[in-house]
Amino acid sequence: MTLASEDTVLTWTEPDSLPPRGTLIVLPGRGESPRVYERFGRRLAADAYRVHAVTAPSDDPVRSREQLTALLAGAEPATPRIVVGSDAGAAFAASLAATRRLPRASALILAGLPASPQAAPHRDWAAELDARSACPAHRRRISDDGVRPGELFTDLPADWFHPDDPGEITVPVLGLHGERDPISPLEGIRRWYATVPRADLLSIAGAPHDVLNDQTHRTVAASIVLFLERLRAGAPIARPERKNA
């Protein structure tokens, strides 16, 4: 398994002995660099999925979309191509899908999707850490590198949010949301997923905002792999919401 870096895009590749089972492209959240997703990338790559992390759309939406479009176009067409968004990255991915600007994407995985462009009230770094993740290893990582404090509490572009958008998304969607998310409370996001034609929302018990990098990251990664394998098999993916331990 190798890690490559080129122009802010990080890539984790499948083991040399295995062909890629699919391609995942991660859109980071507010204040995050692609480095934040190294553990996530390594874990999914170990299951033979190629993972890329690009520029956060809240930093530079034009550059982020250019990188995303190029990676979707260059991915193996015979395998699934999945866009993974976290926080602002989830809102951006959903907006692109709803307006038919992700023509090559097979599915979306949305983690900590914001319910509206209006940000939560600003908090100090200690409170921001608690809002992001309870995982000690990840808290050390983002305290040292990879996250700009305070940006989690900045508003998002209003044109990423339209009332009719969820119903216009035609690809399968896996939603992952912290049961105790203080940035985008779960109760406020359920209605959005209920209007997506093919959506599976998993609430992660006890998790805060960054469900991809919290203490339950193994459970979340396993849920993603199950979704990916169902996608490859062409099996139905919509089920009632349930909670993961």
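Would you kindly identify the strands (runs of 3 or more DSSP E) lying entirely within segment 1-56 that contain at least 3 residues that are at pLDDT 95 or above and either over 17 Å from P77 (Cα atoms) or aliphatic (A, V, I, L, M) (or both)?
Qualifying strands (runs of 3 or more DSSP E): 9-12, 22-27.
Could you please find all residues in segment 65-105 being buried (at least 24 other Cβ atoms within 10 Å of the Cβ) and among the small types (G, A, S)? Matches in segment 65-105: G85, S86, A88, G89, A90, A91, A93, A94, A97. Looking at S133, S143, can you tell me which residue is among the small types (G, A, S), free of Cβ contacts under 8 Å to residues at least 24 places away in the same chain and within 19 Å of H217 (Cβ to Cβ)? Answer to the selection: S143. Residues in segment 194-227 that are under 14 Å from the mean Cα position of the chain (by Cα) and assigned to a helix (DSSP H, G or I): how many? The number of residues fulfilling the criteria is 10.
When we screen D87, D59, D47 for residues that are charged (D, E, K, R), touching a residue at least 24 places away in the same chain (Cβ under 8 Å) and over 24 Å from G234 (Cα atoms), the only hit is D87.
Taking the criterion of being of a type in the set (K, R) and more than 16 Å from P28 (Cα to Cα), the only residue of segment 114-138 that qualifies is R123. Of the residues making up segment 160-193, those that are part of a helix (DSSP H, G or I) and either in contact (Cβ under 8 Å) with a residue 12 or more places away in the chain or closer than 12 Å to P114 by Cα (or both) are W160, P166, G167, E168, L186, E187, G188, I189, R190, W192, Y193.
Return a yes/no flag: does segment 162-177 have any residue that is out of contact with any helix residue (DSSP H, G or I) (no Cβ under 9 Å at 6 or more places or on another chain), buried (at least 16 other Cβ atoms within 10 Å of the Cβ) and under 22 Å from V36 (Cβ atoms). No, segment 162-177 has no match at all. How many residues are more than 17 Å from R198 (Cα to Cα) and in contact (Cβ under 8 Å) with a residue 60 or more places away in the chain when one looks only at segment 92-109? Total meeting the criteria: 1.
Note on segment 6-19: residues that are on the phi < 0 side of the Ramachandran plot and under 20 Å from the mean Cα position of the chain (by Cα) total 6. Within segment 136-155, if we keep just the residues that are in a loop (DSSP other than H, G, I, E, B) and out of contact with any Lys or Arg (no Cβ under 9 Å at 6 or more places or on another chain), the residue that is nearest to Y193 (Cα to Cα) turns out to be D155. In segment 20-44, the residue that is surrounded by the fewest Cβ atoms within 10 Å (Cβ to Cβ) out of those that are touching a residue at least 60 places away in the same chain (Cβ under 8 Å) and of a type in the set (A, V, I, L, M) is L44.
Please tell me if V62 is buried (at least 17 other Cβ atoms within 10 Å of the Cβ) and either β-branched (V, I, T) or assigned to a strand (DSSP E or B) (or both). So V62 does not fit the description; no.
The values are calculated or read from the model by the stated rules, or taken from the named source; none is laboratory data. These numbers come from a predicted model, not from an experiment. All Cβ positions, glycine included, derive from the backbone under ideal geometry; neighbour counts span all protein chains shown.
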